[in-house]
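The values are calculated or read from the model by the stated rules, or taken from the named source; none is laboratory data. Here the structure is a predicted model, which is why all the values come from computation and not from measurement. Quick reminder, even Gly has a Cβ in these numbers, built from the backbone with ideal geometry, and neighbours come from all protein chains shown. To get the accessible areas, we keep the full protein, side chains included, count just its heavy atoms, and leave off ligands, DNA and RNA. Shrake-Rupley method; radii C 1.70, N 1.55, O 1.52, S 1.80 Å.
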Amino acid sequence: MKIQELDKTYIAGTYGRFPVTLVSGKGSRVQDENGKEYTDLGSGIAVTSFGIADDAWIKAVTQQLQTLQHTSNLYYTEPCAHLAQMLCEKSGMKKVFFGNSGAEANECAIKVARKYAAEKKGSENNVIITLKNSFHGRTLTTLAATGQDHYHELFQPLTPGFAHAEPNDLSDMERLLDTLPVAGILLECIQGEGGVKVMDDAYLQGVEKLARERDVLLMIDEVQTGNGRTGDFYAYMHAGLHPDVVSTAKGLGGGLPIGACLIGEKAQNVLGPGDHGSTFGGNPAVCAGAVSIVSRVTDELLEQVRTKGEMILETLKTAPGVREVTGRGLMIGILPEKKSAGEVVKTCMGHGVLCLTAKDRVRLLPALNIPEDLLKEALQVLVKALA
Ligand SMILES: *Cc1c(COP(=O)(O)O)cnc(C)c1O
């Protein structure tokens, strides 16, 4: 059987895949089974931070694979400890828990907030406030956190104890904080799956103040925005926030599964022996790859991410057929005026450029090191497709 038939026969029908089978790539170029080449503006949904088959990452991962590929969390390993140190030094957080996905990173964050509140104020203070139009994952708990009803409908009952505030509306957040027994607030600074919707810095600062006043943990979901994607190491840094918990995943591992829950000073001792765990979490080969990624997300690279992002915004804002462009750094959403986002993505694909959608937007999440000439070339294809 052909690959696509085989997949349709045997893979659970959860994905609406594009009719393309990808076989190989290098950097921001990728090839399908027919030898057709594409410029990749999606990075496997913000995952392959330094592109496909990145040499330094391959070297780090394979060296570790050939030395010790797994130990379980009953033993210490160097890459796991080293990565945690790097993440804490970059963020000012104090402790790290490693899992294997964004949803798991958020599950850990939610557990931290609930235990913190239970110990300090009593276990009835268990509500987590998230935002409408958010996305936090697919487990039954992170689905409950996700503020989009259409994900919930046929999977009831979801984990109780979640409430959803209007994004960018401080008074709605204050209303929920004043009426519910709240343990924590979990939000994305830029809603990715929700259509690249940017929260105002003033709103985020206001939420932080409300959380502080009430001793409610502020948790930032950096699963998509994190690890350099938006031009800051974490997107919350743009607003100068000091969150209590940060979850991250996608771009951290450069293509291997990893999730991390970073815990700040206030809650650093909340998780104790037996409170949480993961068989694969902190895997040494995955962490060695992540160390290679994080060590290269330097101030200089972040500057380049910001410059490229501004170039994309400038190019698209004045392009015909564009109603709105949102986002920051290399996380961009485009609302087409005349066509659906799906149509635009399909046209681009025909012309050798891979883009994503998010709700009614075309979404761009290119590799952080995409060469400028390649990016400009791909943007011209996108501009034509939008017109
Ligand atoms: C993708 C995503 C998740 C879920 O990550 P998985 O690795 O698919 O579990 C959670 N939060 C945000 C903001 C995401 O973009």
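See the values below:
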quantity: Restricting the range 2-59 to chymotrypsin sites (Phe, Trp or Tyr not before Pro) in coil, as DSSP defines it, with at most 11 other Cβ within 10 Å; calculated: Tyr15
quantity: Ranked packing of 278-287, 332-341, most packed first, by mean Cβ within 10 Å; calculated: 278-287, 332-341
quantity: 1.4 Å probe accessible area per residue over the chain, in Å²; calculated: 44
quantity: 18 Å cut-off, amide nitrogen to a point 7 angstrom out along Arg175 Cα→Cβ, residues in the range 125-145; calculated: 128-134
quantity: Gaussian network model of the chain, Cα within-10 Å springs - most flexible of Met237, Met219, Met331; calculated: Met237
quantity: Under-5 Å amide H pairs with Gly99, H placed in peptide plane, nonlocal only; calculated: Gly259, Ala260, Cys261, Gly282
quantity: Cα-based radius of gyration of the chain once divided by 2.2 N^0.38 Å, which approximates compact folds; calculated: 0.98
quantity: Most fluctuating residue given options Asn125, Asn227, Asn106, as computed from a GNM of the chain linking Cα atoms under 10 Å; calculated: Asn125
quantity: Cα gyration tensor category, rounded, prolate or oblate, for the range 246-288 with a/c compared to 1.5; calculated: oblate
quantity: Beta bridges by DSSP in the range 57-296, antiparallel share as percent, to the nearest 5; calculated: 40
quantity: For the chain, built as a Gaussian network whose Cα springs stay under 10 Å, the top-fluctuating residue of Gly102, Gly352, Gly122; calculated: Gly122
quantity: Within the accessible area of the range 57-296 (1.4 Å probe), percent carbon and sulfur; calculated: 54
